[in-house]
1. Between Val67 and His109, what length comes free when the chain is fully extended (0.36 nm per residue of separation minus the Cα-Cα distance, one decimal in nm)?
2. Taking the structure as given and computing mean projected area of the Cα convex hull in nm², which label from [x] 9.9; [y] 7.2; [z] 7.7 fits?
3. Which of Gly61, Gly48, Gly83 moves most in a GNM of the chain, Cα contacts under 10 Å?
4. Whats the longest run of the chain with zero chymotrypsin sites (Phe, Trp or Tyr not before Pro) that are DSSP loop and have at most 11 other Cβ atoms within 10 Å?
5. Using a Förster distance of 35 Å, how high is the FRET efficiency between Ala28 and His116, based on the Cβ-Cβ distance and rounded to 0.05?
6. Tell me the angle of helix 14-35 to the major Cα principal axis of the chain, expressed in degrees between 0 and 90 and rounded to the nearest ten.
7. Where is the GNM fluctuation largest for the chain (alpha-carbon springs, 10 angstrom cutoff): Ser91, Ser75, Ser11?
8. Just to be sure I understand: with springs between alpha-carbon atoms less than 10 Å apart, which residue in Ala19, Ala46, Ala65 has the highest mean-square fluctuation in the Gaussian network model of the chain?
Amino acid sequence: MAEQRRFLDPSQPQTLQGAVMLCYITAAFGLLSLVLGLAIGLVPIALGAGGYGIANERRWGYWLATVAGVLNVLSIFYLFVHGASFSFVLSLLFAVVLVALLLHPQSRHYQRIWFH
C-alpha cells in the first residue's frame, strides 16, 4: 500500500505542528507578494516545501525549514535595520517564533528519532 501524504500530522509534537503551520502561512504570504508584484526570494517557497517535508516526517524537510527560517529572520532583520518600516517588527517576531519552534528540544528530539 502506498504511503499516505499529509499536510499536517496531528501525531507530531505541538512545536512541530506550530512550525508547519507557520511555514505554510509564510509561504502563502510569499506567494501573495509574488502575485502583487512585490519582490520575494526563494525563502518562502523553501519554507512551504520544508513544512510539507516535516508533516511527512522527512529529515530534509526539517533541515530545509530550519535553514530557510534562519535566512528569513536574517533578511527581515536586515531590512528592519536598514530603514524598513516598523511593521517589519511583527514579521520579525513570527520569523523568530518559527525558528524557536523548529529548534525547540522537543522538535529536535522528535525529528532525530522518527524522521527518515
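1. 13.4 nm
2. [z]
3. Answer for the Gaussian network model of the chain: Gly83.
4. That gives 8-85 as the longest site-free run.
5. The value I calculate is 0.80.
6. Here the helix axis deviates by roughly 40 degrees.
7. Ser11
8. Evaluated over the chain, the most mobile residue of the options is Ala46.
Values quoted throughout were computed directly from the atomic coordinates according to the rules given, and no laboratory measurement underlies them. Note that this is a predicted model, so its numbers are computed, not measured. Every residue, glycine among them, receives a Cβ derived from its backbone with ideal geometry; neighbour counts consider all protein chains shown.
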